[in-house]
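Student: Below is one structure. I have some questions about it.
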Amino acid sequence: MKQKVYFKTFGCRTNLYDSQVMMGALKDYDITEDENEADVVVVNSCTVTNGADSHVRSYISQVEKNGGAKIFLTGCGAHTKGEKLLEQGRVSGVFGQSEKLKIDEMLKREEPFYELGDLNYIDEAVVDDFIGKSRAFIKIQEGCDFRCSYCIIPSVRGDARSMPESRILEQITKLAGNGFGEFILTGTNVGSYGQKTDSSIASLMKRISQIRGVRRIRLGSVEPVQMSDEFKEILSEPWLEKHLHIALQHTSPQMLKYMNRRNIYKKDRELFELLAEKGFAIGTDFITGHPGESQELWAEAMRNAKDLPLTHLHAFTYSKRDGTPAATMKPEVSGNIAKERLHELETLVVSKNLEFRKSFSGELDVLVESEKDGLFVGYDQHFNKIIIESDEDLVGNWINITKYDAREDANYARV
């Protein structure tokens, strides 16, 4: 009888993809979605903030408390916390992202090991199914050439490199043939796709759209400077989700300089206004409490944020990462002030999102992803959640909704 493996994934969509690759490569073990029956737990970790590290350590403590399961660590946290966790005897082995196709070999090892592998690897895996998912995540690139002052990710994911276009198209063709209609293109810095291979993110998306069965294409986060004229030409395509996540990180010009960012607020605003005119919901990343963020600069940032047509937000307080330029910057901002600013920004964007949903009068094109307590949950073309009552099983179906109630937490409908 095969041992059972449970995969616990933290962090970004890239990690979700990597976990699916490991599941697909697993031959000598059975996968379980119930961690309580697992003989082995693989923790695919995130290290983007101190909070992310804490969540990983807390989870490992929980598994240890339950007892029995061997624990292996991979993901970004393998590079920053793996060696210490191994020395403490809290994990049986640590391996880098480049080693994930060797998952069987890794889990069979009896002696503790620490193998981070190659930071310049190119993923060769082709995933033709996603366990427990209605939409498919496609990793198109790895690594980042940006050197933002606060970010540790380039040191744990390496420089930007793109997956071969032929392999991406092969994977999507297989997944579309297996019934997947929505594809989320993900990576460390998605908009950099093709920069060293004479291609581009827009060119890749056009080719993907021609594959039979592809209904909607979504992007992970892209940088404002990556929204090229070629990209702007596809904004009216029906297959492009009417939601784009554009990573600003801040809206104060001075703070953008402190952060060593490449975007310029004036141009950011022009871009956001263009997208809003074309009917897009727009999300962004934002960091509060970065060193140097005075009350004056924060007030400026909030004035600018109020002017932007924002509908979604992925924001967090600044987290010092050893080895990054920001770790030694002064003056520091207290954690409590950073949290207050985060809450202020979140409250603003929640109200903007509700306003956007109430003002939209068109039809919602919804992919239903899950069911809980008799209610079905899906996301529309603007990446807004909708909760649906129905007497039929809707999971995995595409439905069009014209009548719904826009509430603060989500849209609600009965079909």
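No lab work stands behind these numbers, since they all come straight from the coordinates. Model, not experiment: these values are computed from the prediction. A quick note on method: Cβ atoms are made from the backbone with ideal geometry, for glycine too, and the neighbour counts reach across all protein chains shown.
Student: Please enumerate, by chain and number, the lysines with C-alpha under 19 Å from the C-alpha of Lys81, excluding those fewer than 8 residues away in the same chain.
Tutor: Lys8, Lys70, Lys100, Lys320
Student: Say the dipole of the chain comes from +1 at the beta carbon of Lys and Arg and -1 at that of Asp and Glu; which of Trp298, Ala38, Gly177 then lies farthest toward its positive end?
Tutor: Farthest towards the positive pole: Trp298.
Student: Work from the charge dipole of the stretch 120-241 (Cβ charges, +1 for Lys and Arg, -1 for Asp and Glu, about the Cα centre) and give the residue of Tyr150, Met205, Pro164 farthest towards its positive end.
Tutor: Among Tyr150, Met205, Pro164, the one farthest towards the positive end of the dipole of the stretch 120-241 is Met205.
Student: Work from the charge dipole of the stretch 200-311 (Cβ charges, +1 for Lys and Arg, -1 for Asp and Glu, about the Cα centre) and give the residue of Leu248, Phe286, Gln226 farthest towards its positive end.
Tutor: Gln226
Student: Here's another thing I want to ask about it. Among the DSSP beta bridges whose two residues both lie in the chain, what percent are antiparallel, rounded to the nearest 5?
Tutor: 30 percent
Student: Neighbouring Cβ atoms within 10 Å as the yardstick, rank Cys76, Cys151 fewest first.
Tutor: The most exposed by this proxy come first: Cys151, Cys76.
Student: Still on this model: Can you tell me which of 252-261, 290-299 comes out highest on packing, and rank the rest after it, using the mean Cβ neighbours within 10 Å?
Tutor: My ranking of the peptides, most packed first, is 252-261, 290-299.
Student: Can you sort His79, His314 by how many other beta carbons sit within 10 Å, fewest first?
Tutor: His314, His79
Student: On a straight-distance basis, which aspartates and glutamates could pair with Lys232 in a cross-link, Cα separation under 20 angstrom, same-chain partners fewer than 8 positions away excluded?
Tutor: Asp198, Glu223, Glu241, Asp268, Glu270, Glu273, Glu277
Student: Also: Explain nothing, just compute: Karplus ³J(HN,Hα) = 6.51 cos²θ - 1.76 cosθ + 1.60, θ = phi - 60°, for every residue of the stretch 344-356 in order, whole Hz, x for Gly and Pro.
Tutor: Along the stretch 344-356, the couplings run 4, 5, 4, 4, 4, 6, 4, 5, 5, 5, 4, 4, 4 Hz.
Student: Residue by residue, what Karplus-based ³J(HN,Hα) values in Hz, rounded to whole numbers, does the stretch 254-261 have, using 6.51, -1.76 and 1.60 with θ = phi - 60° and x for Gly and Pro?
Tutor: 5, 5, 4, 5, 4, 7, 6, 8
Student: Fewest Cβ neighbours within 10 Å first, please rank Ser166, Ser221, Ser149 accordingly.
Tutor: Ser166, Ser149, Ser221
Student: With only Lys, Arg, Asp and Glu charged, each at its Cβ (+1 for the first two, -1 for the last two), find how big the charge dipole of the chain is about the Cα centre; round to the nearest 20 debye.
Tutor: The calculated dipole for the chain is roughly 780 debye.
Student: Another question about this same structure. For a quick check of your reading of the filter: which GluC sites (Glu not before Pro) in the stretch 144-200 sit in a DSSP loop and have no more than 12 other Cβ atoms within 10 Å?
Tutor: none
Student: What ranking, highest mean first, results for peptides 15-28, 58-71 when packing means the other Cβ atoms within 10 Å averaged over each residue?
Tutor: 15-28, 58-71
Student: Using the Cα centre as the reference, give the magnitude of the dipole from point charges on the C-beta atoms of the stretch 260-415 (Lys, Arg: +1; Asp, Glu: -1; all else neutral), rounded to the nearest 20 debye.
Tutor: In debye, rounded to 20, the stretch 260-415 gives about 780.
Student: If we sort 388-399, 133-144 on the protection proxy, mean other Cβ atoms within 10 Å, highest first, what's the order?
Tutor: 133-144, 388-399
Student: Quick check on the chain: helices-only [θ] at 222 nm, where DSSP H runs of length 4 and up contribute -39,500 (n - 2.57) each and the sum goes over total residues. Nearest 500, please.
Tutor: One gets -9500 deg cm²/dmol as the mean residue ellipticity at 222 nm.
Student: Another question, then. Skipping prolines and chain starts, which residues have an amide H placed within reach, meaning under 5 Å, of the one on Lys139, given they are 5 or more residues away or on another chain?
Tutor: The answer is Thr186.
Student: Nearest 20 debye, what's the magnitude of the dipole of the stretch 151-190 about its Cα centre given +1 on Lys and Arg Cβ and -1 on Asp and Glu Cβ?
Tutor: I would put it at about 100 debye.
Student: Search the structure for amide H atoms under 5 Å from the amide H of Ser149, placed 1.01 Å from N in the peptide plane, and list their residues when 5 or more places away or on another chain.
Tutor: Amide H to amide H, under 5 Å and 5 or more residues apart or across chains, Ser149 pairs with Asn260.
Student: Could you pull out every residue, at least 5 positions away or on a different chain, whose amide H is within less than 5 Å of the one on Val41? Hs are placed 1.01 Å off N in the peptide plane, and Pro or chain starts have none.
Tutor: It is Tyr6, Lys70, Ile71, Phe72, by chain and number.
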